[in-house]
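Read the figures in this text as sums done on the coordinates, not as results from a lab. Everything quoted here is computed from the prediction, not taken from an experiment. FYI the Cβ positions are ideal-geometry reconstructions off the backbone, even for glycines, and counts take in every protein chain you see.
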Amino acid sequence: MVRATGRVALGIDVGTSSVKVTAITESGRVRTASSAPYSTAMPFDGAAEQNPDDWWSAMVPATSGLLGDLIDNGARISPETTIIGLTGQMHTSVLLGTTGEVVHPAMLWADKRAVAECRELMERVPSFADITGNVPMPAFTIAHLMWLRRHRPEAAAKLALVLNPKDEIRRRLGAGATTEPADASGTGLFDIRSDTWSQTVMDAIQLDPGVLPSVAPSHAVSGTVRGDAGSPPLLELLSGVPVTGGGGDQATQAVALGVTRPGQVGLSLGTSGVVFAALAQPQPGCFRHSYEGLWLALDSTHAAGLSLAWLASVTGTEVPALTSSQAGPDDSPLFLPYLQGHRDSLSDGRRVPGAFVGLQAHHTREHLAYAVMEGVAFELARLAESLGVKGGDELRLGGGGGRSERWRGLIASAFGRPVSFADRDSSFGAAVIAAESAGWADEFAAANSAEAVVTQPTLELDERRTRFEDARTSLM
């Protein structure tokens, strides 16, 4: 039971498919709630859009239900006892007008329409990667803005504020138009060394800096919830509660897994699959961490858990049935997990398609399930190598896919090292940042007894991984 005098930190994650809310208490308890899923529109080839109203409509009941559970168990929700941390899908661009109205649907990290704009940006700003940490990618806000100006000028003319999803929730909570370095570094507009918006980049695309939010540290309180007797019940309940900067979802996932010291390596196995490593100095392919003086080397594949969900859908089964597949490497096809294209800044998303390689008539659903899990594991290992990260002896894994012992074993075998899985996601990391900001994270850690599960490599997959690489390169 939550102590009546105990303090509470809420972590709210605006994910790609749903909102997840986690509460941690100084007594060591962890409680979670998830929203119903919301949809992604794909109005034409390469486009991926969401309605920010859907995030808010999902967040309110999920958070209200979790708070009701806490209160029923003795918690007191007040500005003195409660603090909020925010996180959400990185790169996704929220496009607002002068009164906060949505002038164009939010353009997602999976959006690939701005390929030509990325090529143009490379020519305009040769030092782009040195400033921002990455080459231009269609996923980035800067590419979204360039495309909007060129193809939807009427919407671009109304643009007054550009936010990321978590910061749109912050704004709707009444806590102001503010972001923090981790999410800002995913926009392609941020100088990752000075922690400021890059004037060089903004000048190159003639962007008014007034459309960008202020930037505060991840652990700073950036505002408070505004609510009164006439507000919706959630805002009234949380009125005056401080809201911290938080972080982009990969930064807070790193916090959740304890990837907070240089050299530590983490994996996130959710809808997308992400490899990240904490760095003491910036390097190509990195973003800012949620801790000052740290960066994250990061790369991702768009369809990790999504690949397994797709297979479940087309075979009329459930994901848990697939993850328990007993098929092995000796007689299974290979799988290239590029169902949403390849995260290549100059790709049109079709040059490296998803594919089963070596598929034969005797292969069953079990073989396909094995191939999908193995293919995602190979892709994660490839991404880690491309980042040049070595890490220690143990990988730290989070995300829903890590609950599968079978999948953990394949990842350990693909990397050739043990995998330590903690069932803690980005919303948990946002809650930890909030508790750290309030000064009682150590009390939570001391009272919480959850331990990571370690999985050892069991399969020799070098030959299949070589075949995977050959198949991948042959399709590029």
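Rounded to whole Å, give me the distance from the Cα center of segment 104-133 to that of segment 71-102. A separation of 28 Å, based on Cα centres. For K112, a cut-off of 14 angstrom between C-alpha atoms picks up these aspartates and glutamates, skipping any fewer than 8 places away in its own chain: D45, E49, D344, D348. Of all aspartates and glutamates in the structure, those lying under 17 Å Cα to Cα from K20, and not within fewer than 8 positions of it along the same chain, are D53, D54, D69, D167, E168, D249, D423, D425.
For Q340, the residues 5 or more places off, or on other chains, whose built amide H falls under 5 Å of its own are A303.
One entry in (1) 22.3, 70; (2) 23.8, 77; (3) 21.6, 66 is Rg and Dmax of the Cα atoms in Å calculated from the shown coordinates; its label is (3).
At 222 nm, what helix-only mean residue ellipticity would the chain give, in deg cm²/dmol to the nearest 500, using -39500 (n - 2.57) for each DSSP H run of four or more? When only DSSP H runs of four or more count, the value is -10500 deg cm²/dmol. Relative contact order for the chain: 17 percent, from Cα pairs under 8 Å spaced at least 6 residues apart, divided by residue count. The value of relative contact order for segment 80-183, using C-alpha pairs under 8 Å at least six residues apart, is 35 percent.
A cut-off of 5 Å between modelled amide H atoms, ignoring neighbours fewer than 5 places along the same chain, links F190 with S198. Taking Lys and Arg as +1 and Asp and Glu as -1, the other residues whose beta-carbon sits under 12 Å from that of V259 total +2.
Each of V14, V30, V94 has some number of other Cβ atoms within 10 Å of its Cβ, and from fewest to most they run V30, V94, V14. Within a straight-line Cα-Cα reach of under 13 Å, K158 can be paired with the following aspartates and glutamates, leaving aside sequence neighbours fewer than 8 residues apart in one chain: E101, D208. Between F335 and V357, G375, the built amide H atoms are under 5 Å apart, and every one of these is 5 or more places off in sequence or on another chain.
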